[in-house]
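*Asks:* Would you mind keeping the following structure in view while I ask a few things?
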Amino acid sequence: MRVSVIGCGHLGIPHAAAMAEIGHEVIGVDLDQARTDRLNAGECPIHEDGLPELLARHTASGRLRFTTSLAEAAEFADVHFLAVGTPIDADGRRYDTGQVFGAVRTLAPLLTRPCVIVGKSTVTVGTSRDLAALVARFAPAGSEVEVVWNPEFLREGHAIEDTLRPDRIVVGVPSTHAEEVVREVYAPLLRDGVPLFVTNPATAEMIKGAANAYLGMKISFINGVAEMCSAAGADVQHLIEAIGVDPRIGRGGLNAGPGYGGGCLPKDVRAFTASAQALGALETAQLMRAAEAINETRPAAALALVEETLGRSVDGVRVAVWGASFKAGTDDVRESPALAVAAAMHQRGAKVIVHDPHAVSTALVRHPELDYTEDLEGSVRDAELLVIATEWAHFREADPKVLAALSTDAVLVDLRNLVDAAEWRAAGWTVRQLGRSAQE
Ligand code: NAD
């Protein structure tokens, strides 16, 4: 099929490449000319495992190209995936759907023949209905242009895997014809056994909101429990393993840490809270607000743990922070808790150097006041304190004996409970982890 992917960011680029990989002819559209130029040259502007190879393969084969022209996309494609951003708006509560309505407002008058717009962006319930009304009003093809909602569940850092082998495809359709088109687009994945959930557009929008709200709540819950464990002399890591085996609870996403971040969960939880309030589910709004409050206080809680471990203020202390991205596997630093902790220590007077294997250039743009290095061992040289803030797997493989010799004081605060504390202690480190005792 001929498809367009409108919006080439963390969602749109992997989606465009994956659609080419499963056999479609794809045109990716973005407003940013520099971005589309790089993409056409087969260069990947985001860090995502496996993506550069797919991009290079399909831009070279001619099955995938990028443009800034929606007119070109309208002329070319029969299915238009909508993957533009939905940041949170100025009041910090609702989605700013300006990019979604802006793209559809420009696209609609160009749609002169039957086609389907497949919304993938995360939106408030009711958005798809409003977009369908906009299309009906402005598209020359009128009711032959349908709007479907197909929320995206990919995890950054696993975008290709999750797009080519998703655990589910959810689609909210206004008609059986629209359902048939979606089934045809995803036919190779459906043949591989990926479950398809077909529902109405409002439910599809709600499914995405509820999924991310639940994930945020789960993370905040375990972070709250970690705090209780610290106070009670219990061990949150043992607790997680023991409650995680219960299939009603599940081990996935159940990790104590410095809080959820990124371009999705924080805004999606906020928007779901506002939606619950607007729809009259006041206790649900309260529940979600509590999850938000726990998350918002994580950087301060991390700072408190650092100062408790040091036995003094972090003011003047040389600190190495491992991790800038909001989680491992990505260079995305939007609402990164790792950077929030690093910035909080800097503000308090610490001399902070941040190491990250992939996110130094993106972090530098947001926090130019911090020092950065891509050299893992170099970051620890002469540091009095090491803070692990992102769960990059190779941090676990670092040799604590070598690092102890480089560091002046060999004090580690591990905000991801990532390393083997006993091994690090044996190598001479003082180790503190979240929700675990200081001694083990
Ligand atoms: P992003 O900001 O990385 O990318 C959005 C892109 O859309 C930008 O490159 C922007 O230039 C482009 N754009 C804006 N208006 C446009 C227009 N009129 N025409 C063409 N391009 C336009 O955002 P993202 O992280 O890719 O997220 C996109 C949507 O997907 C959001 O709603 C997000 O909540 C949702 N989502 C993201 C992820 C993820 O892992 N990032 C996962 C699931 C869902």
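The values are calculated or read from the model by the stated rules, or taken from the named source; none is laboratory data. For clarity, every value in this text was computed on a predicted model and none was experimentally measured. Glycine also receives a Cβ, built like all others from the backbone with ideal geometry; neighbour counts cover every protein chain displayed. SASA here: full protein model, heavy atoms, side chains in, ligands and nucleic acids out. Shrake-Rupley method; radii C 1.70, N 1.55, O 1.52, S 1.80 Å.
*Asks:* Quick one: accessible area per residue over the chain, 1.4 Å probe, rounded to a whole number of Å²? Could you put the intermediate results ahead of the total?
*Replies:* Numbers: 18400 Å² over 440 residues.
Computed with neighbouring chains in place, this is 42 Å² per residue.
*Asks:* Looking only at the chain, where both bridge partners belong to it, what percent of the DSSP beta bridges are antiparallel (to the nearest 5)? Before the final figure, lay out the partial values.
*Replies:* Working: 2 of 48 bridges.
Bridges in the chain that DSSP calls antiparallel: roughly 5 percent.
*Asks:* State, as an integer percentage, the relative contact order of segment 2-194 based on alpha-carbon contacts under 8 Å between residues 6 or more apart.
*Replies:* On the way: 353 pairs, mean separation 38.5, N = 193.
Across segment 2-194, relative contact order equals 20 percent.
*Asks:* What's the center-to-center distance, using Cα atoms, between segment 408-440 and segment 253-290 in Å?
*Replies:* 31 Å
*Asks:* So if each residue of separation counts as 0.36 nm, and I subtract the Cα-Cα distance between T68 and S437, what length gain in nm does that give? Before the final figure, lay out the partial values.
*Replies:* Working: separation 369, 0.36 × 369 = 132.84 nm, distance 5.47 nm.
In short, 127.4 nm is gained.
*Asks:* Something else about it: Using Cα pairs closer than 8 Å and at least 6 residues apart in sequence, work out the relative contact order for segment 208-296, in percent. Don't skip to the answer; put the middle values down first.
*Replies:* Details: 93 pairs, mean separation 33.6, N = 89.
So the answer I get is 38 percent.
*Asks:* Excluding same-chain pairs closer than 8 in sequence, count the lysine pairs in the chain whose Cα atoms lie under 17 Å apart. Each step should come with its number before you reach the end.
*Replies:* Values: K120/K208; K120/K267; K208/K218; K208/K267; K218/K267; K218/K327; K267/K327.
Lysine pairs, 8 or more places apart or on different chains, close enough: 7.
*Asks:* Please compute the Cα-Cα pair-distance distribution of segment 195-280 with 10 Å bins starting at 0, giving whole percents from short to long.
*Replies:* Spelled out bin by bin, segment 195-280 gives 15, 38, 31, 13, 2 percent.
*Asks:* Between L190 and S143, what is 0.36 nm times their sequence separation minus the Cα-Cα distance? Round to one decimal in nm. Intermediate results must be reported in sequence, preceding the final value.
*Replies:* Numbers: separation 47, 0.36 × 47 = 16.92 nm, distance 2.76 nm.
Length gained between L190 and S143: 14.2 nm.
*Asks:* Still on this structure, I have one more. Whenever you get a sec, compute what percent of the accessible area on segment 298-433 sits on carbon and sulfur atoms (1.4 Å probe). Don't jump to the answer; show the numbers that get you there.
*Replies:* Details: 2570 of 5300 Å².
That share works out to 48 percent.
*Asks:* Compute the convex hull volume of the Cα atoms of segment 243-398, divide it by the residue count, and report the result per residue in Å³ as a whole number.
*Replies:* Numbers: hull volume 21.4 nm³, N = 156.
Hull volume normalised by residue count: 137 Å³.
*Asks:* Quickly work out the D246-to-R348 label distance, labels modelled 7 Å from Cα along the C-beta direction, and quote it in nm with one decimal.
*Replies:* With each label point 7 Å from Cα toward Cβ, the separation is 3.5 nm.
*Asks:* Just order 101-112, 282-293, 9-20 by mean Cβ neighbour count inside 10 Å, highest at the front, would you? Write down the numbers at each step before the final one.
*Replies:* Values: 101-112: 18.5, 282-293: 15.7, 9-20: 26.2.
Top to bottom by mean Cβ count within 10 Å: 9-20, 101-112, 282-293.
*Asks:* Can you give the net charge of the other residues whose Cβ lies under 9 Å from the Cβ of R2, counting K and R as +1 and D and E as -1?
*Replies:* Overall, the nearby charge balance is -2.
*Asks:* I've got another one for you. Could you work out [θ]222 nm for the chain from helices alone, using -39500 (n - 2.57) per DSSP H run of at least four and dividing by all its residues? Round to the nearest 500 deg cm²/dmol. Before the final figure, lay out each step's value.
*Replies:* On the way: 20 runs with 203 residues, N = 440.
Calculated mean residue ellipticity at 222 nm is -13500 deg cm²/dmol.
*Asks:* What is the chain's relative contact order, in percent, from Cα pairs under 8 angstrom and six or more apart in sequence? Could you put the intermediate results ahead of the total?
*Replies:* Values: 904 pairs, mean separation 50.8, N = 440.
Answer for the chain is 12 percent.
*Asks:* What is the percent carbon and sulfur in the accessible area of segment 208-296, measuring with a 1.4 Å probe over the protein chains and ignoring ligands? If you can, show how the numbers build up before the last one.
*Replies:* Details: 2640 of 4060 Å².
Carbon plus sulfur share of accessible area: 65 percent.
*Asks:* Rounding to the nearest 10 and keeping the result within 0 to 90°, find how far the Cα-based axis of helix 51-61 lies from the longest principal axis of the chain.
*Replies:* Relative to the chain, helix 51-61 is tipped by roughly 30 degrees.
*Asks:* For D37 and R105, what does the FRET efficiency come to when R0 = 25 Å and r is the distance between their Cβ atoms, rounded to the nearest 0.05? Kindly include the intermediate steps, with their values, before the conclusion.
*Replies:* Numbers: r = 25 Å, r/R0 = 1.01.
For D37 and R105, the calculated efficiency is 0.50.
*Asks:* Another question, if that's okay. Give, in nm to one decimal, the length gained when the segment between T430 and H177 is fully stretched (0.36 nm per residue of separation minus the Cα-Cα distance).
*Replies:* Details: separation 253, 0.36 × 253 = 91.08 nm, distance 6.33 nm.
Net length gain for the segment: 84.7 nm.
*Asks:* If each of T199 and A398 carries a label point 7 Å out from its Cα toward its Cβ, how far apart are those two points in nm?
*Replies:* Distance between the two pseudo-spin positions: 4.3 nm.
*Asks:* Quick one: net charge around V116, please, counting Lys, Arg +1 and Asp, Glu -1 for every other residue with C-beta under 9 Å from its C-beta. Numbers along the way, then the final one.
*Replies:* Values: positive: none; negative: D78, E146.
Every neighbour counted, the sum reads -2.
*Asks:* Rounded, prolate or oblate, given the Cα gyration tensor of the chain, with a/c below 1.5 counting as rounded? Display every interim value, and only then the final one.
*Replies:* Numbers: a/c = 2.24, a/b = 1.76, b/c = 1.27.
Prolate, because a/c is 1.5 or more and a/b exceeds b/c.
*Asks:* Here's another thing I want to ask about it. Of all beta bridges DSSP finds with both residues in segment 2-194, what is the antiparallel percent, to the nearest 5?
*Replies:* Details: 2 of 24 bridges.
Antiparallel bridges make up about 10 percent of those DSSP assigns within segment 2-194.
*Asks:* Report the accessible area of I27, computed with a 1.4 Å probe over the heavy atoms of all protein chains in place, in Å² rounded to the nearest 10.
*Replies:* 0 Å²
*Asks:* Just report the Cα centroid separation between segment 8-85 and segment 167-200, whole Å.
*Replies:* The distance from the Cα centre of segment 8-85 to that of segment 167-200 comes to 22 Å.
*Asks:* Mind telling me which of L134, L64, L164 comes out most flexible in a GNM of the chain, alpha-carbon contacts under 10 Å?
*Replies:* Maximum fluctuation in the GNM of the chain, among the listed residues, is at L134.
*Asks:* Test of understanding: extend the Cα→C-beta vector of D167 to 7 Å, then name every residue of segment 184-202 with backbone N under 20 Å from that spot.
*Replies:* Answer for segment 184-202: 189-199.
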